[in-house]
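The values are calculated or read from the model by the stated rules, or taken from the named source; none is laboratory data. Since the structure is predicted, the reported quantities are computational estimates derived from the model, not experimental observations. All Cβ positions, glycine included, derive from the backbone under ideal geometry; neighbour counts span all protein chains shown.
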Amino acid sequence: MITLTSPRAQRGATLVVGLIMLVLITLMVTSAFMLSTGNVRAVGNMQFRSEAMAAANMAIEQVLGSPFTTAPGAEHIEVDIDNDGDTDYEVELATPTCIRATVALPANASSILLGPAMSTASHWNTVWDIDAEVNDPVTGASIRIRQGVRVLLLQSQKNVVCA
């Protein structure tokens, strides 16, 4: 036996199923948006980290290219990463510190046996610690780079800058 249902009874069910489908699609779109926003933030943080490391290294190279051992001091260096004329990062360099000084050995160790004329006691290998920090005022993120470098100094220079 076949039962006939009136079209009026089915209209409400179609509306409910349509609303449920609309809610499910909305939830899927919202979750996809949230995931993509998180990924964009992660990529932005990685880009800041890479650029900040490059800026810190550029500032350290600038200091190493200068006669920093004559009068070591803290510096503030503005770095333009993309060469557009605008400062992209500001690097704070702490005062370079001499952490160790040892008498420089001659290139040929057997020359020590040749007498005081070949002595290298007037030359010193000094090891310096250079500390650079980059801060992003917008996000509050920061990165710190420490670099060690060896510099050959005369004894008179070493006595002034290394304790």
Note to self: Let me spell it out: the conditions are (1) modelled with pLDDT under 90; (2) within 16 Å of the chain's Cα centre (by Cα); (3) among the β-branched types (Val, Ile, Thr), and Thr3 meets all of them except one. Which number is the exception?
What the structure shows: (2)
Note to self: If Asp136 satisfies all but one of (1) acidic (Asp, Glu); (2) modelled with pLDDT of 90 or more; (3) touching a helix residue (DSSP H, G or I) at 6+ places or on another chain (Cβ under 8 Å), what's the number of the condition it fails?
What the structure shows: (2)
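To keep it simple, each residue is scored yes or no on (1) within 30 Å of Val149 (Cα to Cα); (2) surrounded by 12 or more Cβ atoms within 10 Å (Cβ to Cβ); (3) out of contact with any His (no Cβ under 6 Å at 6 or more places or on another chain).
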{"position": "Leu15", "(1), (2), (3)": "no, no, yes"}
{"position": "Ala32", "(1), (2), (3)": "no, no, yes"}
{"position": "Gln62", "(1), (2), (3)": "yes, yes, yes"}
{"position": "Ala74", "(1), (2), (3)": "yes, no, yes"}
{"position": "Glu78", "(1), (2), (3)": "yes, yes, yes"}
{"position": "Val91", "(1), (2), (3)": "yes, yes, yes"}
Note to self: within 21 Å of the chain's Cα centre (by Cα), among the hydrophobic types (A, V, I, L, M, F, W, C) and under 30 Å from Val149 (Cβ atoms): is that true of Val43 in this structure?
What the structure shows: no
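When you look at Leu24, is it over 38 Å from the mean Cα position of the chain (by Cα), at pLDDT 95 or above and aliphatic (A, V, I, L, M), yes or no?
Values: over 38 Å from the mean Cα position of the chain (by Cα): yes; at pLDDT 95 or above: yes; aliphatic (A, V, I, L, M): yes.
Against the criterion (over 38 Å from the mean Cα position of the chain (by Cα), at pLDDT 95 or above and aliphatic (A, V, I, L, M)), Leu24 qualifies.
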Next item on the list: Answer yes or no as to whether Gly115 is surrounded by fewer than 10 Cβ atoms within 10 Å (Cβ to Cβ), within 30 Å of Leu152 (Cα to Cα) and either at pLDDT 90 or above or within 32 Å of the chain's Cα centre (by Cα) (or both).
Entry: no
